[in-house]
Amino acid sequence: MRKELVIAAYQRDYGWIKYVNHHVRVTVYRKGQKSEDPREIFLENNVGQDVHTFFYHIAKNYDKLADVTFFSQDHPFDHAFNYIDIINGNPTYWDLVARLKKDTYWAFSTGTALHWEPHMPKEAYTGNTLICDTTGAPHHVPSNLNIDTLWTQLFKDPPPQKYEFVPAGHFCVTRDAVQNRSKAFYEKLVETLESTRPFCPYEVERLEPYIFDKSYL
């Protein structure tokens, strides 16, 4: 199984990659201040946060993706302290530790729900995932998202009443799951993330499990 780790780098050190198994290909995208590190791919268009970086990679490498691709912030451990073990692991382990699994998409977090959004009341959370409505409520404050609008731009099916997701963007997905959708789908998604809609990254974050779920058209 060929693996690739895609890192969205900004300000923090990612020296931890030395603990990732040597057979895992590592691709680092840098936004913000350009470095002299020849290993990095500099993205001058600093938009869309890490979400943009992840889907930019998918769109640009659609026909040459690894069997499984992991996506990570430059310092994942405040969200998933065992992320190195996850990257070095296998599907049996991913099934065990994932907060959310849809087909061959696994989302990871070791923070508690209240750790994700400590200012919110405890009753706003259920189980291992977050569940919100189209505005991002009750977790996104203020509740000013419009996830249904983005959904209708991407999918043919009507939007669900609620969106279930794991925040912070530490997930892995198989090439087959990615390619259930066309390259044009991801190019459109990247173009949307590069638009002037300020909250688009937060909306896409909530759509990640559905993007890789072939049961939605």
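Among PHE77, PHE81, which is the only one that is part of a loop (DSSP other than H, G, I, E, B), within 22 Å of PRO209 (Cα to Cα), open to solvent by 10 Å² or more (accessible area, probe 1.4 Å) and out of contact with any helix residue (DSSP H, G or I) (no Cβ under 9 Å at 6 or more places or on another chain)?
On the way: PHE77 fails: out of contact with any helix residue (DSSP H, G or I) (no Cβ under 9 Å at 6 or more places or on another chain).
After ruling out the rest, the residue left standing is PHE81.
Would it be correct to say that ASP176 is in a loop (DSSP other than H, G, I, E, B), over 13 Å from the mean Cα position of the chain (by Cα) and touching a residue at least 40 places away in the same chain (Cβ under 8 Å)? In short, no.
Is there a residue in the range 188-207 that is among the basic types (Lys, Arg), within 21 Å of ASP148 (Cβ to Cβ) and surrounded by fewer than 18 Cβ atoms within 10 Å (Cβ to Cβ)?
Quick first cut of the range 188-207, residues among the basic types (Lys, Arg) only: 188, 197, 206.
From what is left, the residues that are within 21 Å of ASP148 (Cβ to Cβ) are 188, 197, 206.
This time we only want the ones that are surrounded by fewer than 18 Cβ atoms within 10 Å (Cβ to Cβ), so: 188, 197.
Among the residues of the range 188-207, at least one is among the basic types (Lys, Arg), within 21 Å of ASP148 (Cβ to Cβ) and surrounded by fewer than 18 Cβ atoms within 10 Å (Cβ to Cβ), which makes the answer yes.
Would you point out the residue of the range 91-110, among those that are without any contact (Cβ under 8 Å) to a residue 40 or more places away in the chain and not hydrophobic (A, V, I, L, M, F, W, C), that is nearest to SER215 (Cα to Cα)?
Top of the filtered list is LYS101.
Restricting attention to the range 15-30, the residues that are under 19 Å from the mean Cα position of the chain (by Cα) and either open to solvent by 40 Å² or more (accessible area, probe 1.4 Å) or modelled with pLDDT under 95 (or both) total 2. Going through (1) of a type outside the set (A, V, I, L, M, F, W, C); (2) in contact (Cβ under 8 Å) with a residue 24 or more places away in the chain; (3) under 13 Å from PHE171 (Cα atoms) one by one, ASP78 falls short only on (3).
The single condition from (1) modelled with pLDDT of 95 or more; (2) open to solvent by 30 Å² or more (accessible area, probe 1.4 Å); (3) polar (S, T, N, Q); (4) within 17 Å of the chain's Cα centre (by Cα) that GLN49 fails is (1).
The values are calculated or read from the model by the stated rules, or taken from the named source; none is laboratory data. None of these values were measured; they are calculated from a predicted model. Note that we place each Cβ from the backbone using ideal geometry, even for glycine, and neighbour counts take in every protein chain shown. Ligands, DNA and RNA are excluded from the accessible area calculation, which covers all protein heavy atoms including side chains. Shrake-Rupley method; radii C 1.70, N 1.55, O 1.52, S 1.80 Å.
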